[in-house]
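**Student:** Just passing along the structure, written as structure tokens.
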Amino acid sequence: MSERTSVQTGIVRGMEILRLSPSRINDFLNCPQLYKYRAIDLLPEPPSLEAERGKLIHSVLEDLFELPAADRNLQSATEILPKSWQRALHENQELQSLVTDEKEWLDRAHALLTNYFSIEKPQTFESTYREIHLERDLTDQIYLHGYVDRIDIAPTGEVRIVDYKTGKSPKAGYEEKALFQLRVYALLYWKNHGVLPTLLQLLYLGDSQVIKSGISEIQLEATDRKLRNIGDEILSAISEEFFPPKKSKLCDWCYFKSICPAHNR
Ligand code: SF4
């Protein structure tokens with residue numbers, strides 16, 4: 001790990017470098033106080049069922065694409081699932097107490113995998129990259145990075161960026177917000193490889209829905225400007241030590257609610 005990538009925010013060779021990712025950007029936009037707890041104070045959070053379910057499904061799908069195309073079917077995914085689960089348990093002992101009903105847990109994971117095969121046919125194409133890390137310095141002070149679930153490059157050169165979601169698709173009108181994460185990845189890919197991705201694709205396994213979007217240079221330039229603006233806002237918040245809590249429905253799921261000033265006055 002490089003010196004730069006080893007810090008969240010901090011002083012590196014006399015220069016403050018801000019580490020930005022789609023998740024941390026979301027945190028800051030949803031609630032600056034939440035961003036501070038996670039990115040500045042680095043407070044630990046217990047694993048959540050939702051996050052662990054997402055990791056398990058991602059790991060099964062990653063392994064699935066290692067198989068020959070003809071073998072990428074529900075039966076193979078069903079066989080991979082318990083192996084991935086055992087590996088996760090071995091790597092994280094806390095999962096044992098988090099998952100109280102293992103059968104129900106695996107049944108739910110299996111249902112999500114079944115949904116996956118209803119919206120994509122992995123036997124019909126080759127995936128080029130899985131769980132790939134993209135990174136780049138956006139400015140002297142802002143480092144941008146993210147892990148992309150899948151990038152598929154067609155024999156004809158078109159690039160598709162794919163992200164799996166284990167939840168349900170957003171309500172009508174909220175698709176743009178969901179696509180922002182993929183635009184960030186598309187920007188990184190474009191800047192690093194000089195190739196404009198053709199298609200962004202969000203696969204929602206919770207309700208078997210797909211959100212697809214094309215992408216243009218104009219949109220990516222707008223994403224670039226937006227990221228720089230958000231980065232500058234965060235840098236100002238850091239220098240002024242001003243991270244106001246923003247109450248919303250998210251508070252009910254926020255692990256830090258018990259220490260948050262917005263709920264403890
Ligand atoms: S409880 Fe709500 S306001 Fe407080 S940090 Fe969490 S999301 Fe922000």
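The values are calculated or read from the model by the stated rules, or taken from the named source; none is laboratory data. What you see is a predicted model, and the numbers here were worked out from it, not measured in a lab. Here the Cβ positions follow ideal geometry from the backbone for every residue, glycine too, while neighbour counts run over all protein chains shown. Accessible surface areas use protein heavy atoms only, side chains included; no ligands, DNA or RNA. Shrake-Rupley method; radii C 1.70, N 1.55, O 1.52, S 1.80 Å.
**Student:** Note down the relative contact order for segment 164-227 as a percent, whole number, built from C-alpha pairs under 8 angstrom at least six residues apart. Working shown, then result.
**Tutor:** Values: 78 pairs, mean separation 25.4, N = 64.
Relative contact order for segment 164-227 comes out at 40 percent.
**Student:** Using Cα positions and a limit of under 26 Å, work out the lysines in reach of Lys246, with same-chain residues fewer than 8 apart set aside.
**Tutor:** Straight-line reach from Lys246, under 26 Å: Lys36, Lys165, Lys168, Lys171, Lys177, Lys226, Lys257.
**Student:** Any idea what the relative contact order of segment 131-265 is, in percent, if you count C-alpha pairs under 8 Å spaced at least 6 apart? Don't skip to the answer; put the middle values down first.
**Tutor:** Numbers: 172 pairs, mean separation 25.4, N = 135.
Once divided by the residue count of segment 131-265, the mean separation gives 19 percent.
**Student:** Moving on. Mind checking the full-extension length gain between Lys191 and Thr114? Use 0.36 nm per residue of separation minus the Cα-Cα distance, one decimal, nm.
**Tutor:** On the way: separation 77, 0.36 × 77 = 27.72 nm, distance 3.58 nm.
My answer for the length gained is 24.1 nm.
**Student:** Ranked highest first by the average count of other Cβ atoms within 10 Å around their residues, in what order do 124-131, 95-102, 230-237 fall? Walk me through the numbers on the way to the answer.
**Tutor:** Numbers: 124-131: 14.4, 95-102: 12.6, 230-237: 16.8.
Descending mean neighbour count gives 230-237, 124-131, 95-102.
**Student:** Each label point is 7 Å from the Cα along the Cα-to-Cβ direction; what then is the distance between the points at Asn264 and Gln96, in nm?
**Tutor:** About 3.2 nm, to one decimal.
**Student:** Which one of Phe180, Pro47, Pro244 has its Cα pushed farthest toward the positive end of the charge dipole of the chain, where Lys and Arg give +1 and Asp and Glu give -1 at the Cβ?
**Tutor:** Pro244
**Student:** Could you check what % of the DSSP bridge pairs in the chain are antiparallel, to the nearest 5?
**Tutor:** Bridges in the chain are about 70 percent antiparallel.
**Student:** Still on this model: Let's test the formula: R0 of 30 Å, r as the Cβ-Cβ distance of Gln123 and Lys168. What FRET efficiency results, to the nearest 0.05? Provide the component values of the computation, followed by the final result.
**Tutor:** On the way: r = 26 Å, r/R0 = 0.86.
Taking R0 as 30 Å, the efficiency between Gln123 and Lys168 is 0.70.
**Student:** I would also like to ask the following. Report in % the part of the accessible area of the chain that belongs to carbon and sulfur, leaving out ligands and nucleic acids; probe 1.4 Å.
**Tutor:** Working: 7320 of 14330 Å².
About 51 percent, which is the carbon plus sulfur part of the accessible surface.
**Student:** Size of the dipole of segment 109-254 about the Cα centre, Lys and Arg at +1 and Asp and Glu at -1 on the beta carbon, nothing else charged, in debye to 20? Kindly include the intermediate steps, with their values, before the conclusion.
**Tutor:** Working: 18 positive and 21 negative charges, 106 e Å.
Using only the charged Cβ atoms, the result is roughly 500 debye.
**Student:** Let me ask another. Once you charge only the Cβ atoms, +1 for Lys and Arg and -1 for Asp and Glu, what is the size of the charge dipole of segment 98-177 about its Cα centre, to the nearest 20 debye?
**Tutor:** Numbers: 11 positive and 16 negative charges, 59 e Å.
Dipole about the Cα centre, nearest 20: 280 debye.
**Student:** Something else about it: What relative contact order, as a whole-number percentage, does the chain give when Cα pairs under 8 Å and 6 or more residues apart are counted?
**Tutor:** Working: 346 pairs, mean separation 50.9, N = 265.
Relative contact order for the chain comes out at 19 percent.
**Student:** Let me ask something else. Say each of Val210 and Leu106 gets a label point 7 Å from the Cα, pointing the same way as Cα to Cβ; how far apart are those two points in nm?
**Tutor:** Here the modelled spin labels are 3.0 nm apart.
**Student:** Classify segment 105-256 as rounded, prolate or oblate, taking a ≥ b ≥ c as the square roots of the eigenvalues of its Cα gyration tensor: rounded when a/c is under 1.5, otherwise prolate if a/b is larger than b/c and oblate if not. Kindly include the intermediate steps, with their values, before the conclusion.
**Tutor:** Numbers: a/c = 2.15, a/b = 1.22, b/c = 1.77.
The shape class here is oblate.
**Student:** Here is a follow-up. So how much accessible area does Phe242 have, in Å² to the nearest 10, using a 1.4 Å probe?
**Tutor:** Solvent-accessible area, nearest 10 Å²: 130 Å².
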